[in-house]
Each structure stands twice: as structure tokens, then as C-alpha cells.
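In what follows, a structure is listed as C-alpha cells, so that the remarks can point back to it.
Laboratory data are not the source of any read-out in this text; all were calculated from the coordinates shown. Since this is a predicted model, take the numbers as computed values, not measurements. Don't worry about glycine lacking a Cβ; one is built from the backbone with ideal geometry, like all the others, and counts go over all protein chains shown.
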Amino acid sequence: MTTPVTLSPAPTGTAVLSGIELARTIRGRVARTAAELTAAGTLPRLAVVVANDDESSAWYVRSIAKAAAATGIHCEVVDLGPDVGPERIRAALRTLSDDVAVHGIMLQTPLPPDASVEDLAAAIAPEKDVDGVNPLSLGRLAAGLPAFAPATAAAVMALLDHHEVPLAGRNAAVVGRSNVVGKPVAQLLLQRDATVTVCHRHTKDLAELTRPAEVLVVAVGRIGLITAEHVAPDAVVVDVGTNPTPDGGLVGDVDAAAVTGRVAGLTPVPGGVGPVTTALLLQHTVRSAARPAAT
Ligand code: NAP
């Protein structure tokens, strides 16, 4: 069951725009495709390259590997350790790109201080770039050409569609402009005919720009950044932020207590964008595995 959001001017409550059911549906589809591919002789394989000893990164990689295994995808973690140089990471990405048995490649962050995703992502073959970080993938996305969108950005759009949020002609604001979330979300919203405002660290008056938004996507990484003064009463708010709390929990960038009862809909953290992101990463991997091999 989806939860349709009515963008009424005076909402009586705030719909919880969960990603749990959508993620389950996507994983079900992925499992069926993976089983067909495996039966036909192609075991879908995702490689995750790790060059850190960060605990939250390790947790995320374990959750991807677990979800992959549950859907019949082989997930190989290539752990290079935290002290590796950029050339060694680039070489690993090139080797995986050349390996016909690998269908999806993901470069996990954080990276060592002298390495950057922007510099290394070009070493991921675009057809295996299931998290859409290669500049070619980002450029194709901006040009409206077929490409894997970054999984988180794709998850934002999938959640909005799942909850039947109209986009064409709507005012949308995106807070955050990273290559993995903010910019590609803005591009995808534009492709759906929303009118998009992008905010960032240097935006002078954030509330003045977010308040007119009928759809607000927040991807910053700062607890409590968005409060009641930043939202319209009828807004749909997608909270991409994931911030660890001292008690081992996770909260978003939106002060959920402050905006609940005011906005039409809000994605929860956890249980919103996160599970859909992982499911779409797997979906991209089976799509890549299903593509006929280049001749
Ligand atoms: P990032 O690369 O650090 O980018 C953060 C963005 O926020 C930057 O564009 C920055 O602006 C902007 N910003 C910082 N302070 C701001 C402020 N006070 N007002 C307005 N904008 C501000 O982070 P990211 O990788 O995009 O991730 C953003 C958040 O999403 C993090 O919490 C991350 O953990 C989470 N995330 C969640 C998922 C998921 O699956 N749920 C996936 C990826 C990321 P400047 O460009 O001007 O510096």
C-alpha cells in the first residue's frame, strides 16, 4: 500500500513516507532477475572497494553485502586498508572494470586523505558504475542521457514516486550540492519538470529559499538544520541526512518533531531513503549484469 500525499494547504497530519516497503518490493524484483541471470549462467557480482577503517563505513558495507546475498548477488569486498595510496585504489578499480565477471563497482567513502572520489571515479567503467560517480555518468545524467544515477539520488526520486508526490510544475528546493546527492537530485527533479532551487553552505537565507518549496530534499549531514521556520505547511520533505547519535542511533537533518504536524509528508530516518538506496544499488547491479556483453 502506498501512502498518497495530499498537498493540502492545511494538513491535519504529516504522512510518514517510509522506504521500507518500497525497498522490499525492489529487492523482490532484484532477486527474481538475479535468479534468472544465475540460471542462465551469469552470477551477478558487485565489488565494493574499501580504503578506510571507519566503523560506520564498515557497517554500511556489511549491510550491502547482506542485502546482496539475500537477493542472490555475489558481493565482493575489496579491502585495501586505510593507508593505501590513490594509485593502488585506481589500479584496483581498473582491474575490476576489466573483469568480465564483475557487473557493479562501488567505491566506498571515506577515502585516505590524498585520495578523492572525484579523482578516482573515472577509473570505474561507466557500464559498471552502479553508484553513478564516474564524471561520464554524472555528465550523461545532466544531459538527460541514459546512465546510472547515484543510488541515493535515485532513491529520493523512487520514494517521491512511490508516495505519489506530483513533481511537474512544483517548486522544489534541494539543500546540499554534493556530486552524490544534491546535484544529481536537482538534475532528476529538473528532468521531471520541477522548478529547482539548490542551496548550500554559502546560501544567505536558507529559510527564505526553502519555505516556498512544495518538495524539499535535504542532504547536508547536520542535525536539526531544518526546523519549522524552513518549511511550508503543505511541503513534502525528504530527509537524506544520516547523522550518528551518541547512543548509537541515527537521525536526519530535519528536526522531525518541529515539522511534524506542519508538513504534508516527511521521510523517516532511519527507514526512509537509506533502505531504498541499498535496494537500488542492487537493482543497478542486476541491470548491468543483464546487459548483453560488448562485442
Ligand atoms: P557532503 O558531500 O558533505 O555535502 C554536504 C552538502 O551540504 C554540501 O553541498 C554543503 O555545501 C552543504 N551544506 C553544509 N552546511 C550547510 C548549511 N549550513 N546550509 C546549507 N547547506 C549546507 O555530504 P553528502 O555526501 O551529500 O551527504 C549528505 C548527507 O546525506 C550526510 O548526512 C550523509 O550521511 C547522508 N547520506 C545518506 C545516504 C542514504 O542512503 N541515506 C547516502 C548518502 C549520503 P557546500 O557545497 O557549499 O560545502
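Note on residue 66: lysines with a C-alpha under 25 Å away, same-chain residues under 8 apart excluded, are 128. Taking θ as phi - 60° and the Karplus parameters 6.51, -1.76 and 1.60, the scalar couplings of the stretch 98-112 work out to 7, 7, 5, 7, 9, 10, x, 10, 10, 9, 7, 10, x, 10, x Hz in sequence order, x denoting glycine and proline.
Provide 131, 205 in ascending order of the number of other Cβ atoms located within 10 Å of each residue's Cβ, fewest first. Can you show the working numbers first?
On the way: 131 28, 205 9.
Least to most surrounded, the residues fall as 205, 131.
Working note: Cα gyration tensor of the stretch 72-123, eigenvalues times five, square-rooted, sorted largest first, giving semi-axes of 20, 12, 10 Å. Note that the stretch 216-225 has calculated 3J(HN,Hα) couplings of 10, 10, 10, 9, 10, x, 9, 4, x, 5 Hz, one per residue in order, obtained from phi through the Karplus relation 6.51 cos²θ - 1.76 cosθ + 1.60 (θ = phi - 60°); glycine and proline are x. Helical content alone sets the calculated 222 nm signal of the chain at -11500 deg cm²/dmol, taking -39,500 (n - 2.57) per DSSP H segment of four or more residues and averaging over every residue.
Normalise the Cα radius of gyration of the chain by 2.2 N^0.38 Å (N = residues in it) and let me know the number.
Numbers: Rg = 19.1 Å, N = 295, 2.2 N^0.38 = 19.1 Å.
That ratio works out to 1.00.
Tally the DSSP beta bridges in the chain and give the antiparallel ones as a percent, rounded to 5. In the chain, DSSP labels about 5 percent of beta bridges as antiparallel.
Sorting 202, 284, 163 by the number of Cβ atoms found within 10 Å of their own Cβ, with the fewest placed first, yields 202, 163, 284. D by Stokes-Einstein for the stretch 42-146, Kirkwood Rh over Cα pairs, 10 °C, 1.306 mPa s: 113 µm²/s. In summary, the lysines within cross-link reach of residue 183, defined as a Cα separation below 20 angstrom excluding same-chain residues under 8 places away, comprise 204. Summarised in one figure, the compactness ratio Rg/Rh of the stretch 94-171, Cα atoms and Kirkwood Rh, is 1.06. Quick check on the stretch 151-275: take the gyration tensor over C-alpha atoms, sort the square-rooted eigenvalues as a ≥ b ≥ c, and tell me if it's rounded (a/c under 1.5), prolate or oblate. In terms of gyration-tensor shape, rounded. Dividing the radius of gyration of the alpha carbons in the stretch 185-242 by their Kirkwood radius gives 0.93 for Rg/Rh. Once you sort the root eigenvalues of the Cα gyration tensor of the stretch 48-102 as a ≥ b ≥ c, which label holds: rounded (a/c under 1.5), prolate (a/b larger than b/c) or oblate (the other case)? Oblate shape, in that a/c is at least 1.5 and b/c is the bigger or equal ratio.
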